Amino acid sequence: MDVTIRLSNAARSVVTDSVLVIFDRYDHSGAGTIKGIYYPVNNEIVIAKVPPARYYIEVYCLGAGRENFNELTYVNRRHSNVFTYRIQKSSTFTPGLAVIPVEPINLSKLEILKQ
């Protein structure tokens, strides 16, 4: 079975360099049955010769948009074997514009002071 993974984004601004894909069998008979780094063409990956079974699919996007997706699904002739994951638009870092939320620190509640 061929499995197609589509990484969709509405703005087409997120380019995914590479994707780590791991297929783990649901019945624990094959951990990491298929694992590897794939390079998407037009935000699409085709993985050939996936044995029919139920899988945990893990997709880790590498590059500017670093996201991960998990799914439990079947790979067989009755299903479409096309999986689509939506990538969120990542913002660029500009020095001086990062907002770090203020977190109040109560020094009296430190573990080292509790004796």
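Applying the Kirkwood pairwise sum to the alpha-carbon positions of the chain produces a hydrodynamic radius of 16.9 angstrom. Across the options ILE22, VAL102, PRO52, the greatest Cα extent toward the positive end of the charge dipole of the chain (unit charges at beta carbon of Lys, Arg, Asp, Glu) belongs to PRO52.
Shown is the FRET efficiency for ASN70 and ASP17, computed with R0 = 25 Å from the Cβ-Cβ distance and rounded to the nearest 0.05: 0.75. At most 12 other Cβ atoms within 10 Å plus a DSSP loop assignment makes a site exposed; report the longest stretch of the chain without any exposed trypsin sites (Lys or Arg not before Pro). The longest such stretch corresponds to 13-48. Taking amide H as placed 1.01 Å from N in the peptide plane, the amide H of TYR26 sits under 5 Å from that of ARG54, TYR55, TYR56, each at least 5 places away or on another chain.
In terms of surrounding Cβ atoms within a 10 Å radius of their Cβ, ILE37, ILE47, ILE5, ILE105 rank from fewest to most as ILE105, ILE37, ILE47, ILE5. If you take all other residues with their beta carbon under 14 Å from the beta carbon of ASN81, and give Lys and Arg +1 and Asp and Glu -1, the sum is +2.
We did not get these values from a lab; they are worked out from the coordinates using the rules stated. On a predicted model such as this, the values are computed, not experimentally measured, just so you know. Methodologically, a virtual Cβ is constructed for each residue, glycine included, from the backbone with ideal geometry; neighbour enumeration extends over all protein chains shown.
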